[in-house]
Amino acid sequence: PGAAVTIASRPDDVVLASDEQGNGRIVSRRFIGIAFIYGVALPDGTIVHSWQSHMTSLAQGTAVRVQFGDEHDLVVFKGDTAVNP
């Protein structure tokens, strides 16, 4: 408990939903033909990236709820060592 860890996730596993009370804010977005890649700032300043269908269009500055999908396991690192969550 209380140890710092790093989490590795796939951008397509980071799920976004527009939410004024959300835990993130869109700080960048790039259209790549079939999808948008969003940069999302979390309250501690960490930037996570999310791949979303072109059917979902969120403007820069939008408050969002950030969650991890359950299609793939997250990889958690403590220092340079991967540990199972």
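The values are calculated or read from the model by the stated rules, or taken from the named source; none is laboratory data. Only a predicted model underlies this, so the values are computations on that prediction, with no experimental measurement involved. No Cβ is skipped: glycine too gets one built from the backbone with ideal geometry, and neighbour counts run over all protein chains shown.
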Of the criteria (1) in a loop (DSSP other than H, G, I, E, B); (2) modelled with pLDDT of 95 or more; (3) exposed (fewer than 15 other Cβ atoms within 10 Å of the Cβ), which one residue 28 fails: (1)
The one condition in (1) over 13 Å from the mean Cα position of the chain (by Cα); (2) within 29 Å of residue 79 (Cβ to Cβ); (3) modelled with pLDDT of 95 or more that residue 5 fails to fulfil: (3)
Members of the stretch 31-85 that are assigned to a loop (DSSP other than H, G, I, E, B), touching a residue at least 24 places away in the same chain (Cβ under 8 Å) and touching a strand residue (DSSP E or B) at 6+ places or on another chain (Cβ under 9 Å): 42, 56, 58, 59, 60, 61, 62, 69, 74
Residues of the stretch 1-28 classified as farther than 25 Å from residue 82 by Cβ and out of contact with any Leu (no Cβ under 7 Å at 6 or more places or on another chain), total: 8
Only listed residue being of a type in the set (A, V, I, L, M, F, W, C), surrounded by 11 or more Cβ atoms within 10 Å (Cβ to Cβ) and more than 14 Å from the chain's Cα centre (by Cα), chosen from 76, 40, 48, 66: 76
